[in-house]
């Protein structure tokens with residue numbers, strides 16, 4: 001009798017979880033972007049939210065919670081109910097923070113469900129048009145002539161663009177000063193206004209400023225050129241052989257969501273970003289569509305954390 005009751009209870013709970021997943025969303029869904037509006041992940045998250053609303057109905061709201069290179073927004077999601085109504089769309093920093101910060105208010109594995117990697121992206125190294133450099137080689141010469149005097153901005157201390165700049169400094173054997181901002185858009189504005197000399201930012205965030213002439217692209221950080229800026233060489237081919245620093249965007253839920261809900265979240269996101277018009281927008285802005293399974297994304301995340309941990313040890317970067 002007890003075994004029969006237990007089996008019935010398990011079947012009921014399983015049916016309830018499946019029904020709950022199918023009824024999602026039952027109220028507005030918040031997609032937390034832990035950065036300021038206007039950056040790469042913000043743009044991708046808004047594409048995702050708009051398409052999800054069309055597909056499943058209901059309301060999907062992108063909520064920007066900038067601070068501490070993504071930590072503040074991630075913590076909010078980690079402490080939220082595992083019901084699929086508070087989700088996280090974050091950048092490469094999710095894998096950098098465990099190695100660069102002495103204390104994190106969450107565990108990147110125990111406190112989250114990893115839904116999928118959404119896309120990958122290159123960074124652009126750009127300058128104000130009035131800067132006395134035309135390419136990466138000019139920048140290296142200038143930096144060596146003025147050690148520690150040049151400045152470069154990023155979306156925040158510990159952010160992917162920050163470490164791209166630190167990796168550049170290390171491999172090019174120069175010294176320059178990092179200026180952190182609360183998001184990609186403020187960093188770009190600072191470069192455009194001449195507040196800083198250079199900026200590292202995702203292609204999706206800097207492309208329009210480069211095209212309009214507000215910024216000059218000196219190089220891209222991937223192993224191949226960016227198709228939307230074919231005349232801009234990679235940093236590796238411009239005087240820093242072997243250099244590569246790329247970013248990516250991930251999609252997360254709080255820990256302990258049901259497997260049925262996880263499958264629903266992954267399926268709907270894959271359908272949304274896989275739509276031809278969305279994939280075209282992603283490509284035009286420099287993003288490569290990925291949408292890996294939850295299992296593959298978790299394995300990828302472990303590899304990324306190991307990679308950035310090695311770089312942080314080499315460069316001795318720490319944030320208290």
Rounded to two decimals, what is Rg over Rh for region 122-238 when you use alpha-carbon atoms and the Kirkwood radius? 0.91
Helix 259-273 against the longest principal axis of the chain: what's the angle in degrees, Cα atoms only, rounded to the nearest 10? 40
Taking Cα pairs under 8 Å and at least six residues apart, what relative contact order does the chain come out at, in percent? 27
Contour excess over end-to-end distance, with Cα ends at residue 315 and residue 26 and 0.36 nm allotted per residue: 99.3 nm
Roughly what % of DSSP beta bridges within region 122-238 run antiparallel, to the nearest 5? 55
Of 191, 69, 89, which is the most mobile in a GNM of the chain whose springs link Cα atoms less than 10 angstrom apart? 191
Based on the Cα atoms of the chain, what semi-axes does the equivalent ellipsoid have, where each is the square root of 5 times one gyration tensor eigenvalue, given in whole Å with the largest first? 39, 20, 16
Sticking with the crude label model, points 7 Å out along Cα→Cβ, report the distance from residue 231 to residue 107 in nm, one decimal please. 5.3
Roughly speaking, what is the stretch gain from residue 193 to residue 54, that is 0.36 nm per residue apart minus the C-alpha to C-alpha distance, in nm to one decimal? 46.2 nm
Relative packing of 278-288, 198-208, which averages over residues the other C-beta atoms within 10 Å, highest first: 198-208, 278-288
Mean shadow area of region 225-320 over all directions, Cα convex hull, nm²: 9.0
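Throughout, read-outs are computed from the coordinates displayed, never taken from laboratory work. Because the structure is a prediction, the values reported are computed rather than measured. Cβ atoms come from the backbone with ideal geometry, glycine included; neighbour counts cover every protein chain shown.
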